[in-house]
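Below: the structure, in structure tokens.
Derivation of every value follows stated rules applied to the coordinates shown; laboratory data play no part. Keep in mind that what you see is a predicted model, and the values were worked out from it rather than measured. Positions of Cβ are generated from backbone atoms using ideal geometry, with glycine treated the same way; all protein chains shown enter the neighbour counts.
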Amino acid sequence: MRRFLANEQFEINCSQAVVMRARRVRISKIEEMVMLASPPSAVDDTVRKPCRLSLSDRIETWLPKIILAPTFVVTLLFIYGFILWTGCLSFTTSRMLPNYEFAGLSQYHALFANERWWVALKNLALFGGLFIAGCLAIGLSLAILLDQKIRGEGFIRSVYLYPMALSFVVTGTAWKWMLNPGLGIEKLVRDFGFHNFTFDWLTNSELSIYTVVIAGVWQSSGFIMAMFLAGLRGVDDSIIKAAQVDGASLPVIYWRIIIPSLRPVFFSAFMILSHIAIKSFDLVMALTGGGPGFSSDTPATFMYTFSFTRNQIGMGAASAMMMLMIVAAVVVPFLYSELRSSRRG
Amino acid sequence: MADSSNTQTQGSSRFGRYLIYTLLGLVCLYYLMPLFIMLSTSLKTLDDIRTGSLVSLPAHVTFQPWLDAWSKACIGVRCEGMSVYFWNSFRFVVPAVLISTLAGAFNGYVLTLWRFRGSDIFFSALMIGCFIPFQVILLPMARTLGELGIFNTISGLIFVHVVYGVSFTTLFFRNYYVTIPDELVKAARIDGAGFLRIFWRIILPISTPIVVVSIIWQFTQIWNDFLFGVVFSSGDHQPVTVALNNLVNTSTGVIGYNVDMAAAIIAALPTLFIYIVAGKYFVRGLTAGSVKG
């Protein structure tokens, strides 16, 4: 290490020692050995003598931290600080304007006494469950089909994936048009001669949430397909060859060997999809607007409505905190189990 | 991967392959159908829409809905079409993408090649920002933007998108720079290069792929955003996605489905264009983003 053996100028030696100290985590084994081998006085000097760094050296030493500082401040304030702030608001009586009159858990009591919130939670469970299951099933099936040495695979893949480039608002607008009972798919099928066919889910308060599932699965399943396809390409060929030699049929090989080995992909796909489901706002707004009535509300649209159009800031904050907890309840156990299994493996 | 021809007879294997191709083709149609219907509807007259079928081609192709959607359709009280909002979106998306990508590059550079005590904890803390539902920051942010005097402005939207986009861009660059050997930076330091010089001269030139991924990802995310747009802006300052939603969902009089569809395609064009031109990078961004979940 030239820097310790050949340094004549104390100034440089000193500043670099500071840098070295700051970066001691990263010193490699070899470097450690060299440091031990170098004359002890050289190392001692840098530690004992007071370092007098020139200004530019000092800036140089601090530059990485200075660069990181804005992000640090922003993260602290605008993520953690704001979560706390919203938490505080949820314990107040705030309505149209925020105030800081402590109200205990009354907003949460009111929230869970609100029928509309229960509809939103029920819809989240329905939509989340069907959306995740649908995307996983379609994504995996398409990936397996596409993995059979298909000609034109690249083109087909891009067709399956393009909805992901669209905004949920665009998707919602398109499906709103196709699902509208008067002129959409209902009319199309009736024109084929099935005169009693009804497909009025969009305007049926019992079924409107399922239209969100249809549009959501259409938009996101291609992406899940791409994830599974990448996972399939990573499966070790020799295991499959060995199973084939043992006489296992293709479905058995997939069911017993390949699909179980895709566990990590299932994990990430589940995380992404549950995230999309919990945050589902734009799609619902564009497709049903939460309606008819509030039959297709989700927690995200509930939060928006109560905070910004119905002037119930306290309850809006309480619902936002509940959303955060739902995300945490989904993400934390999964993250934990994944970290543990990856550490073991 | 596994070819079925080893285990099965030629005949059934050929039938199987036909079946697979048919299935894949049908699914292609399913994914393309909404785009086709949007496009054909946007080129039809209203009469044609009422009499014709959802999937039929326009009887007479008309570009009037497109002209209306671009410069005449009424959104709120203004009847100047989507063009205003389309340019609005560009005005905040481009700066927000560039700033968040640059910040992400610097952050990633520090967090991998200039680590200090606590930098790993900082990175984990930053990553949690990728997980939170944004509803939890809406109320304080609306208040803060108001205090800063940038509520309902283009600068306000730039600010919000940079603040909540940096987590993702940092993740991209950090995961990319982790693969750079330390020796490269060490050698440059011995030669006397400093923090910034190493970044501009060595790191940035080898970062082109991840810069492209980050720009595409951020552009798609911010362009397609609806939540921040609808909460933090109103009237003339709204992004294109919010304008589209207002156009479609607040209809007075005759519903112009053809205009709605033209407007929807207009709102989707920039991201579709990027997908077609740089699909490879787009997919890479999605999978890189998927690390965060």
Proxy reagent accessibility, fewest Cβ within 10 Å first, across B:Leu157, A:Leu97, A:Leu262: A:Leu97, A:Leu262, B:Leu157
Paired Rg and Dmax values of region A:189-270, which use every Cα atom, in angstrom: 20.2, 56
√(5λ) per eigenvalue of the Cα gyration tensor, region A:135-223, largest first, Å: 29, 16, 12
log10 of Debye I(q)/I(0), alpha-carbon scatterers only, for region B:107-182 at 0.14, 0.15, 0.18, 0.25 Å⁻¹: -0.57, -0.63, -0.79, -1.09
Order of A:Glu115, B:Glu80, A:Glu60 under a 10 Å beta carbon neighbour criterion, fewest first: A:Glu115, B:Glu80, A:Glu60
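Given a Förster distance of 35 angstrom, what is the FRET efficiency for B:Ser155 paired with A:Phe102, based on the Cβ-Cβ distance and rounded to 0.05? Don't jump to the answer; show the numbers that get you there.
Values: r = 35 Å, r/R0 = 1.00.
Calculated transfer efficiency: 0.50.
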In region A:198-255, the chymotrypsin sites (Phe, Trp or Tyr not before Pro) that fall in loop regions by DSSP, at most 11 other Cβ within 10 Å: none
Between helix B:83-113 and chain B: long-axis angle, C-alpha atoms, 0 to 90°, nearest 10: 30
Along principal axes, Cα extents of the protein assembly as shown, largest first, whole Å: 97, 74, 49
Descending principal axes extents, region A:115-344, alpha-carbon based, whole Å: 65, 53, 27
Helix B:208-224 vs. chain B, principal-axis angle (Cα, 0 to 90°, nearest 10): 40
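Step through the table entries A:Lys149/A:Lys279; A:Lys176/B:Lys72; A:Lys122/A:Lys176, compare each Cα-Cα distance with 26 Å, and write down the pairs that go over it. Don't skip to the answer; put the middle values down first.
Numbers: A:Lys149/A:Lys279 37 Å; A:Lys176/B:Lys72 22 Å; A:Lys122/A:Lys176 22 Å.
Beyond 26 Å between Cα atoms: A:Lys149/A:Lys279.
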Chain B: Rg to Rh, with Rh as the Kirkwood radius over Cα pairs: 1.08
Length added when fully stretched, B:Ile180-B:Val94, from 0.36 nm per residue minus Cα-Cα: 28.1 nm
Cα shape, region A:62-105, gyration tensor, a/c 1.5 rule: prolate
Computed E for A:Asn204/B:Ser234 - FRET, C-beta separation, R0 30 angstrom, nearest 0.05: 0.40
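Rank the residues A:Asp147, A:Asp200, A:Asp297 as a footprinting-exposure proxy: fewest other Cβ atoms within 10 Å of their Cβ go first. Spell out each step's value before the answer.
On the way: A:Asp147 19, A:Asp200 14, A:Asp297 28.
In increasing order of surrounding Cβ atoms, one gets A:Asp200, A:Asp147, A:Asp297.
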Alpha-carbon centroid distance for the pair region A:202-257 / region B:28-76, whole angstrom: 34
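Once you keep just the Cα pairs under 8 angstrom separated by 6 or more residues, what percentage relative contact order results for chain B?
Working: 287 pairs, mean separation 82.3, N = 293.
About 28 percent, as a whole number.
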